[in-house]
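A.B. asks: Handing you a structure now.
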Amino acid sequence: MKMRDKYALNFPEETLVAEIKRLTNQVWKLIPMRENHENWQRQIVTVIIEITGLAEIFMSDSHLL
């Protein structure tokens, strides 16, 4: 199954699933970064920007949310 974005491009669903999985892993990565006093704030800003971008592109797909 292909997913259509707001620009009328078709993406394989596997591509979006892989991206969501990658972002989920990035969120879980924040916990040890914070515990180890690493720069987790920069990482969370990056993740938020990426999630916001995906939500904007695939705004018609409630599965993403």
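A.B. asks: Given (1) surrounded by 11 or more Cβ atoms within 10 Å (Cβ to Cβ); (2) more than 14 Å from the chain's Cα centre (by Cα), identify the lone condition not met by residue 55.
C.D. replies: (2)
A.B. asks: Kindly indicate whether residue 63 is over 9 Å from the mean Cα position of the chain (by Cα), modelled with pLDDT of 80 or more and not in a helix (DSSP H, G or I). Walk me through it before giving the result.
C.D. replies: Values: over 9 Å from the mean Cα position of the chain (by Cα): yes; modelled with pLDDT of 80 or more: no; not in a helix (DSSP H, G or I): yes.
Spelling it out, it is not the case that residue 63 is over 9 Å from the mean Cα position of the chain (by Cα), modelled with pLDDT of 80 or more and not in a helix (DSSP H, G or I).
The values are calculated or read from the model by the stated rules, or taken from the named source; none is laboratory data. Bear in mind the structure is a predicted one, so any value in this text is a computation, not a measurement. Because the Cβ atoms are built from the backbone with ideal geometry, glycine has one as well, and the counts that use them run over all protein chains shown.
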